[in-house]
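Have a look at the structure below before the remarks.
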Amino acid sequence: MPEPARSLGQSVAFDRIAKSYPGGTVAVDDVSLEIAAGSFVALVGASGSGKSTLLKMINRLIDPSAGSIAIGGSPVADTPPHALRRRIGYVFQNIGLFPHMSVAENVAIGLRLRGESDTAARVAELLDLVELPAGFAGRMPEQLSGGQRQRVGVARALATRPGLMLMDEPFGALDPVTRDSLGNAIRAIHDRLGLTTIMVTHDMAEALLLADRVLVMSAGRIVADATPPELVAGKGGAEADALVAIPREQAHRLAALEGK
């Protein structure tokens with residue numbers, strides 16, 4: 001049976017967080033904000049805007065140059081990176097399944113790292129949750145489609161029951177049909193488990209359709225912070241409007257084609 005609904009989500013707070021590199025490049029510039037527990041937040045912006053850097057500082061894949069980040073009120077700097085990452089789900093574009101391990105072994109790796117040996121029931125539960133047949137447990141990654149591999153990646157990220165899920169362009173390498181289907185599945189899992197989900201995407205339509213709150217980044221700063229209806233209504237400012245204009249114009253063009 002699928003994992004029952006429950007509230008796992010944790011808040012995430014950024015306090016004057018910044019990241020700069022030698023040579024003067026500033027990737028993130030003085031960001032302060034709080035993400036409420038249970039939220040689904042999308043980080044949107046052009047390439048180089050700082051969105052992936054901001055995300056990776058949460059689980060200490062990148063350490064900040066200044067400021068602090070707290071999860072559920074606890075500073076991430078107080079926890080060793082490897083221990084922190086075991087408490088946070090992380091899904092990224094290239095999936096990163098181990099090619100020499102079966103689906104079951106990939107899903108269970110986080111459980112085994114913390115000393116659990118009897119993982120079959122949990123793996124079966126997770127495959128059901130991400131809508132993959134139980135028989136996939138014995139398959140190798142090369143036998144799966146891109147969408148199926150990404151579902152395995154989601155199952156692996158959820159194995160240790162994290163309250164926080166980080167997603168860095170998770171659907172970027174997928175075809176449009178698979179991308180839409182998996183996006184809807186991720187949103188359903190978020191709601192079912194009561195997670196806090198932070199997703200980086202360059203696709204404003206995806207952000208508007210999946211998230212409760214959209215943060216638009218430019219030059220390392222948050223330039224818009226609004227709900228999808230507010231952004232569609234033009235309340236996010238000029239840079240947000242420019243991103244919203246792209247799917248809006250595409251929708252208008254499609255409507256015009258239907259009318260021909």
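Some points to look at:
- Tally, over region 218-248, of residues that are in a loop (DSSP other than H, G, I, E, B) and touching a Ser or Thr at 6+ places or on another chain (Cβ under 8 Å): 2
- Subset of region 19-40 that is closer than 24 Å to Asp78 by Cβ and crowded, with 20+ Cβ neighbours inside 10 Å - its residue that is nearest to the chain's Cα centre (by Cα): Ile35
- Residue within region 183-202 that is assigned to a loop (DSSP other than H, G, I, E, B) and under 13 Å from the mean Cα position of the chain (by Cα) present: yes
- Checking each residue in region 113-133 for being crowded, with 17+ Cβ neighbours inside 10 Å and out of contact with any Pro (no Cβ under 8 Å at 6 or more places or on another chain) picks out Thr119, Arg122, Val123, Leu126, Val130, Leu132.
- Of the residues making up region 68-91, none is at positive phi and not small (Gly, Ala, Ser).
Every number in this text was worked out from the coordinates using simple rules, so none of it is lab data. Computed from a predicted model, the values in this text were never measured in an experiment. Counting neighbours? That spans all protein chains shown, and the Cβs are built from the backbone with ideal geometry, glycine included.
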